[in-house]
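What follows is one structure encoded as structure tokens, with my remarks underneath.
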Amino acid sequence: MSRKNSIIFFIFIYLVTIAVLLKSAAPAVSGSAGLTAMLIESSLPCMEVVEASDAGAEAGSSAVTAEDTGESGEKTEAVKKNNGKPRVLIYHTHATESYLPASAGNYHTTAEENTVRDAGDVLEATLEENGIAVIHDKTLHDNPSYNNSYSRSYETVTALLKKYPTIECIIDLHRDATAAEVAGQVEKVNGKTCSVYSYVLSNTTNTYSANKAFLDRLNGIAAADYGGYTGNILERPYWYNQELCEKSVLIEMGNNRNNIKDVRRCAEVFGEILSKALNE
């Protein structure tokens, strides 16, 4: 066999091997939630999730004392009925993400207090106060592993959309992350100190235009009524489960160096913005 043919042969074998490995490793979910989610998560850094009983805090601050919301993988769906049929679903693909003072486990804990689930509670309460019924799912999709957390949250969302067909908006609430030992960025909004926030938008789904228009509407309300407290829209070529709804919002409220108090205020203001958009 010639040198050229040998090279071609080995390249062919290499490509076939990669294809077989990807096929065997791909998540067993339907539609677009499979391979792209796996590729995203394979690049995520390793982290140690702190169990609720071991959750700690930065020196000089009070320790986390909240009880765990359930065992790993347990469905922890909270539904309020006072406003009728649910219109909004809040969930967390990375539910263990935490804020200060909960810095242990590289800012990840199964305890609910000081996490994105904590912020989700504030968002839920604000929406309910504005007459919008909410489902807040607190399943720990990223525990015990980040691997396939998007596939697991995809299964949760599809099941809840089937169970509650009146849902018109889904919110995947995350936080950003920084390695720097500096305070998370904040803004003053109507006299309140709030963490900044951003949106992550999939530009590869057939719902892209509708989702983009909805985010633009949210930013329009924020600009007009909340002193320009808008969120940067970061477009990415991944799915993020956003093909499931034409009002899909992946929001990153603050980062790990923000204090939970500022994030809660962000969730409250964002809840007011979202309520205005949905009640128009």
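The values are calculated or read from the model by the stated rules, or taken from the named source; none is laboratory data. Everything quoted here is computed from the prediction, not taken from an experiment. Here the Cβ positions follow ideal geometry from the backbone for every residue, glycine too, while neighbour counts run over all protein chains shown. All accessible areas refer to the heavy atoms of the entire protein, side chains included, with ligands and DNA or RNA removed. Shrake-Rupley method; radii C 1.70, N 1.55, O 1.52, S 1.80 Å.
Observations on the structure shown:
- Alpha-carbon gyration tensor eigenvalues x 5, square-rooted, for the stretch 136-280, Å: 24, 20, 14
- Part-to-part distance (alpha-carbon centres) for the stretch 144-188 and the stretch 215-234, which is given in Å: 20
- In this structure, the pairs whose alpha-carbon distance is over 28 Å, taken from 162/261; 85/247; 138/162; 85/192; 162/212, are 162/261; 85/192.
- The simple Förster model, with R0 at 45 Å and r as the Cβ-Cβ distance, assigns residue 159 and residue 185 a FRET efficiency of 0.80.
- Descending by average beta-carbon neighbour count within 10 Å, the peptides 249-256, 191-198 line up as 249-256, 191-198, the highest first.
- Fraction of accessible area attributable to carbon and sulfur, the stretch 77-232 (%, probe 1.4 Å): 49
- Fully extended contour minus Cα-Cα distance, from residue 279 to residue 235, at 0.36 nm per residue: 13.2 nm
- Most positive-pole-ward Cα, 135, 167, 156, against dipole of the stretch 125-171 from beta carbon charges: 156
- Distance between the 7 Å Cα→Cβ label points at residue 209 and residue 261: 4.7 nm.
- Using alpha carbons only, the radius of gyration of the stretch 77-167 set against its Kirkwood radius gives Rg/Rh = 1.00.
- Using a probe of 1.4 angstrom and keeping all protein chains present, the accessible surface of the stretch 107-257 works out to 37 square angstrom per residue.
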